[in-house]
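Visitor: Below is a structure I'd like to ask you about.
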Amino acid sequence: MMRGLIVGDLELRLSEADVEEEWKTAFHSDPSEKEKCYINVAYPYPSGAMHVGHGRTYIVPDVIARFWRMRGRQVLYPMAFHVTGSPVIGISKRIARGDAKTLSLYRDLYKVPSDVIDRFSDPLAIVDHFSNEYQRVMSRLGLSIDWRRRFTTILPQYSKFIEWQYSHLNGQGRVVRGEHPVKYCPQCDNPVGDHDLLEGDKAEIVRFIFVNFEMDGYIIPCATLRPETIYGVTNLWVNPDVRYVKADVDGIAWLLSREAAEKLALQKHTVAITGEVDGSELIGRTVSHPLCGSVRILPAGFVDPDMGSGIVMSVPAHAPFDYIALLDLQKKGEYTDIEPVSLIKVDGYGEIPAKEAVIRHGIVDQHDPKMDEVTQEVYSAEFSRGKLLARCREHEGKPVRVAREDVGAVMEAEYGSIWFYDFDQQPVICRCGSRAYVRILDDQWFLTYSDLEWKQQVHDQIEKIALVPPEVRAEFDRTVDWLKDWACTRRVGLGTRVPWDPKWLFEPLSDSTVYMAYYTIAHRISGIPAESLTPEVFDYIFLGRGNPVNVDRTTLDALRSEFLYWYPYNYRFSAKDLISNHLTFQLFHHRAIFPDELQPKGMVVFGMGLLDGAKMSSSKGNVFLLEDAAEEFGADTVRMFLVGSAEPWQDFDWRNELVSSVRKQIERFIGYIAESGGVTGTTDVDAWLSSRLQRRIAKMTESLELFQTRQALQEAYFGIESDLKWYRRRLPAGSPGGAVLGEVSDAWVRLLAPVIPFTCESLWREMGHDGLVSFAEWPAPDQTRINPEIELAEELIVRTIEDIESIIKIIQVTPGQLTILLAPEWKYEVFRRVAAAEDKRSVTKELMKDDSMRKRGKEAANTISQVIKLIHSLPPQLVEDISSLAPDEYEIFTHAVTFIEKEFSVKVKVLHAEASGHAKAGMALPFKPAIVIE
RNA sequence: GCGUGAGUAGCCGAGCGGGUCAAAGGCGCAGGAUUUAGGGUCCUGUCUCGUAGGGGUUCGCAGGUUCAAAUCCUGCCUCACGCACCA
């Protein structure tokens, strides 16, 4: 009796534990005679518990790994933990501080015991705890990982590996020093990433230019994105209620808002405040700029000292805000001599676009909520279609987008303009609660992804690499084009120090680019002291170069040979959000470090995970923990759902009701296998079932080769199940079936083993096999068992039964007798000739040229048109089979009479239509007999 | 806003080098069967009309190409992912 037949919760879990124990070391993978298959996944950052979304990321590669292992490959599926970076440092601080939200996340959602949480004030305790959890849960889910190779990215040996990589990149001139604006918290004295922000995580850093006016020996800067509009400036705006400061900026006397002066100090300028001045004192004064001459300063309450320099240049012809503000003053009879000065011609507008737009939208004053929209409208019209007018001198006729660059460059070179960075929205608040600013870091290290030659090499690589799905190729190419230099170092966090500048650490994405190579030797190198692992050692292992002496040669040769066995990797798996950074970075780095023959071979990109239709997100609490899922449904159910509900590259949606039905499917599968045990003998439908099985095997194999896990499961689960259902329906009453069922079970258990390995492992054992199904031979379709005639005959019966059912349903009578009238041979001839005809429209004429057809007259013409219609409604393969195999319908139906009689509980007669003399006889067509129900 | 991709029946999803598509499969729902103890299993139906296996209208919206379009082209709308120093 088979154990596990009745799948109680407890029993299921017990058997999972048994199998897990057996697998403990089964997937340790060493170089062998066999062809290798090396797959890997982006390693996790263990700062929290795994949810079902993570589950799929690691289960899909596992299914693929198991598949190729059964196909006889030496498969390597390794795993490590990425602990580089700063998030856990923030987490540990928040936990130490007793932050309620963080504590609740870890205690309630991740279910970390309180004594463990107590240790979380140490960031290393967090990653330690969760990497062990990850391993435990991954094992529980049956991932066939070689755990000997596990490492973390702050292991001293790994750091040495990073140093080696960067010594090459640096030597190639690919690491350069540069300056870079970042979001920065003065309180924390550190750059802040978007996830470090309490508010303003969508804020972007915008680069303004200061247009420097002059007044009494002071520079009066105005921040703008549109330097070309200098030719249309009619005045400046100053807020009379704001106290401005005089400041010494890089040795020159400036006048600007206090906020602006402080911001400048963070942007590589020396700023010393020397005095203050009321905005009101500035009103009415005259300033000048070489490109627009002298203009006056006017009062404006809307000027924000925290925006730009706190002083604004006014271009009323093209800026609706300026226009309406000027108008407001003039309504009071002030400054009536100022006229808007037009400098841009744009189709769809007259001389003063700002004025027209304001009038068109019925704006009455500056406080109208539509002002932003109007401004946007004018700006984008001018930017996309505008051309500069004659008053812009040498820039006349230039499109706005060009003139903007040109005028800016001239101002910077000749008129003392500098760049000024600020956020496009406020406020931007650090998690510590204080305000964040833009700061320019000037000793930052960059990877030169902007290098055109390097980009080209990566483009060439992308052309050669296998990408799943292929549509992502365009996105990779775009990313390569779009990448600029990447700031690859940080001041804080865990990680490897920059060897030549130890105050910096390599940033997390930058230390995770070629670690797939490290897996190949991770278990062998962990015993070697880090001090011995000089760059020369890695050169020897990975590049076969040099003559290192601090590690003995036998060891080195072993490492080198293992690396060469596995590398290059065959497939890397990752979610699609990493295309624009990690997945592309690793191509860059492989290209820079490794020779042609060791470049990546392929990548598989995953879709995202949803939970009940909403995006999964730990921070929002919208997650379902993987372990809870395994507990509730069983590991195999979780696996089958995650790989079967959508193809890997599609988004999937975890819904408990759907998962439950997957569980029933597995139970049904176990039931089928159990019932087929020990069945002997043969039946009439065995050959059919066997033939179908071969096709299912071929289809599933093909699908898995293409990573189509969902398609594979459709064939291997639902396909085989539906064949079995039909098979059983076809059996004579009381028959348990034939020995073919054993053949099906044997193949079926192996086909599903990659997806539901726990179940299949125990079934395999119950079936009396030695060894693990995980290493059993993958079924191969047996061509000799494929029998198209039998499948065609069965198809005819299926279709006829469907016809009978639908007729019965419509006429709603209880049939007393059923007669099947078969089409005569000449109609088959028509069928074959129509099927073979290129042009179905002229085939009637063609056929009617025949004497044999003509003498049948109208009947022949009708038949031809019915056959044309019939052929259009049948699958092409079927049409071909009907033509070429010429099924003997009489033989087929007389054999199936008992079955049809059983189906409809009615007497069945099978007759040749033309001999029957029946009124419906004319309806009979090839493969579609006429049916008479009385 | 920019880049990449997607929009198919109650839901999820096949199909997308044009005819074979009223459109696979699953889920859900409905009816029936079953010596069915419990949500199990099997069969049937599930856009619409129809007392003979058929007809009609559908595949984000609006146009276009074609004898023929879910499938090709154009425009629009909506959604997802990415837009950088961050895992």
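The values are calculated or read from the model by the stated rules, or taken from the named source; none is laboratory data. From a predicted model like this one, the values you see are computed outputs, not experimental measurements. A quick note on method: Cβ atoms are made from the backbone with ideal geometry, for glycine too, and the neighbour counts reach across all protein chains shown. Note: areas computed on protein heavy atoms with side chains; ligands, DNA, RNA excluded. Shrake-Rupley method; radii C 1.70, N 1.55, O 1.52, S 1.80 Å.
Visitor: On the basis of being within 11 Å of RNA strand B (Cβ to nearest atom) and modelled with pLDDT of 80 or more, does residue A:880 make the cut?
Guide: yes
Visitor: Output the number of the condition that residue A:876 fails; it satisfies all remaining conditions of (1) in contact with a strand residue (DSSP E or B) (Cβ under 8 Å, 6 or more places away or on another chain); (2) without any contact (Cβ under 8 Å) to a residue 12 or more places away in the chain.
Guide: Going through the list (1) in contact with a strand residue (DSSP E or B) (Cβ under 8 Å, 6 or more places away or on another chain); (2) without any contact (Cβ under 8 Å) to a residue 12 or more places away in the chain, residue A:876 breaks only (1).
Visitor: Oh, and also: Before we move on, is residue A:62 in a loop (DSSP other than H, G, I, E, B) and closer than 28 Å to residue A:765 by Cβ?
Guide: Here the answer is no, as residue A:62 does not meet what is asked.
Visitor: Could you check how many residues of segment A:557-579 are of a type outside the set (A, V, I, L, M), more than 15 Å from RNA strand B (Cβ to nearest atom), open to solvent by 20 Å² or more (accessible area, probe 1.4 Å) and assigned to a helix (DSSP H, G or I)?
Guide: Residues that pass the stated criteria total 4.
Visitor: For segment A:232-260, enumerate the residues that are among the basic types (Lys, Arg) and either modelled with pLDDT under 95 or not in a strand (DSSP E or B) (or both).
Guide: Scanning segment A:232-260 gives a single hit, A:258.
Visitor: Still on this structure, I have one more. Output the number of residues of segment A:261-287 satisfying the condition of being in a strand (DSSP E or B) and open to solvent by less than 40 Å² (accessible area, probe 1.4 Å).
Guide: The total comes to 3.
Visitor: Assess whether residue A:253 counts as being open to solvent by 10 Å² or more (accessible area, probe 1.4 Å) and over 18 Å from residue A:307 (Cα atoms).
Guide: Judged against the criteria, residue A:253 is a match.
Visitor: Please enumerate the residues belonging to segment A:769-800 that are part of a loop (DSSP other than H, G, I, E, B) and either modelled with pLDDT under 90 or farther than 30 Å from residue A:641 by Cβ (or both).
Guide: A:770, A:782, A:786, A:787
Visitor: May I pose another question? So which pairs qualify, if the first residue must be in segment A:14-28 and outside any helix (DSSP H, G or I), the second must be open to solvent by 90 Å² or more (accessible area, probe 1.4 Å), the Cβ gap must be under 8 Å, and the two must be at least 6 apart or on different chains?
Guide: Going by the 8 Å Cβ cut-off, the qualifying pairs are A:26/A:775.
Visitor: Related question: Any residue in segment A:470-482 that is open to solvent by less than 30 Å² (accessible area, probe 1.4 Å) and in a loop (DSSP other than H, G, I, E, B)?
Guide: Within segment A:470-482, not a single residue is open to solvent by less than 30 Å² (accessible area, probe 1.4 Å) and in a loop (DSSP other than H, G, I, E, B).
Visitor: Taking segment A:353-374 only, how many residues are surrounded by 19 or more Cβ atoms within 10 Å (Cβ to Cβ) and either β-branched (Val, Ile, Thr) or over 45 Å from the mean Cα position of the chain (by Cα) (or both)?
Guide: 4
Visitor: Determine if segment A:231-238 includes at least one residue that is touching a residue at least 40 places away in the same chain (Cβ under 8 Å) and within 14 Å of residue A:408 (Cα to Cα).
Guide: yes
Visitor: Please verify whether segment A:434-444 includes one or more residues that are of a type outside the set (D, E, K, R), assigned to a loop (DSSP other than H, G, I, E, B) and crowded, with 18+ Cβ neighbours inside 10 Å.
Guide: Yes: segment A:434-444 contains one or more residues that are of a type outside the set (D, E, K, R), assigned to a loop (DSSP other than H, G, I, E, B) and crowded, with 18+ Cβ neighbours inside 10 Å.
Visitor: Can you go through A:407, A:400 and tell me which one is in the same structural domain as residue A:208 (by TED's automatic domain parsing), in contact with a Gly (Cβ under 8 Å, 6 or more places away or on another chain), β-branched (Val, Ile, Thr) and closer than 22 Å to residue A:289 by Cβ?
Guide: On inspection, the qualifying residue turns out to be A:400.
Visitor: Here's another thing I want to ask about it. Out of A:754, A:732, report the one residue that is within 20 Å of residue A:703 (Cβ to Cβ), of a type outside the set (S, T, N, Q) and not in a helix (DSSP H, G or I).
Guide: Only one candidate qualifies: A:754.
Visitor: Inside segment A:141-192, can you point out the residues that are of a type in the set (D, E, K, R), closer than 30 Å to residue A:62 by Cβ and surrounded by fewer than 19 Cβ atoms within 10 Å (Cβ to Cβ)?
Guide: Selection gives A:148 alone.
Visitor: Still on this structure, please answer the following. Considering only residues that are free of Cβ contacts under 8 Å to residues at least 40 places away in the same chain and near RNA strand B (Cβ under 7 Å from one of its atoms), look in segment A:633-659 and name the one that is surrounded by the most Cβ atoms within 10 Å (Cβ to Cβ).
Guide: Checked segment A:633-659; the qualifying residue surrounded by the most Cβ atoms within 10 Å (Cβ to Cβ) is A:658.
Visitor: Are any of the residues in segment A:810-833 modelled with pLDDT of 80 or more, within 30 Å of residue A:74 (Cβ to Cβ) and touching an Asp or Glu at 6+ places or on another chain (Cβ under 7 Å)?
Guide: Within segment A:810-833, not a single residue is modelled with pLDDT of 80 or more, within 30 Å of residue A:74 (Cβ to Cβ) and touching an Asp or Glu at 6+ places or on another chain (Cβ under 7 Å).
Visitor: Still on this model: Give segment A:311-342 a look and list any residue that's on the phi > 0 side of the Ramachandran plot and in contact with a strand residue (DSSP E or B) (Cβ under 8 Å, 6 or more places away or on another chain), or say none.
Guide: Scanning segment A:311-342 gives a single hit, A:335.
Visitor: Scan segment A:446-460 residue by residue and report those that are more than 25 Å from the chain's Cα centre (by Cα) and open to solvent by 30 Å² or more (accessible area, probe 1.4 Å).
Guide: A:451, A:452, A:453
Visitor: Would you call residue A:612 among the charged types (D, E, K, R), in contact with a Lys or Arg (Cβ under 8 Å, 6 or more places away or on another chain), within 11 Å of RNA strand B (Cβ to nearest atom) and open to solvent by 20 Å² or more (accessible area, probe 1.4 Å)?
Guide: yes
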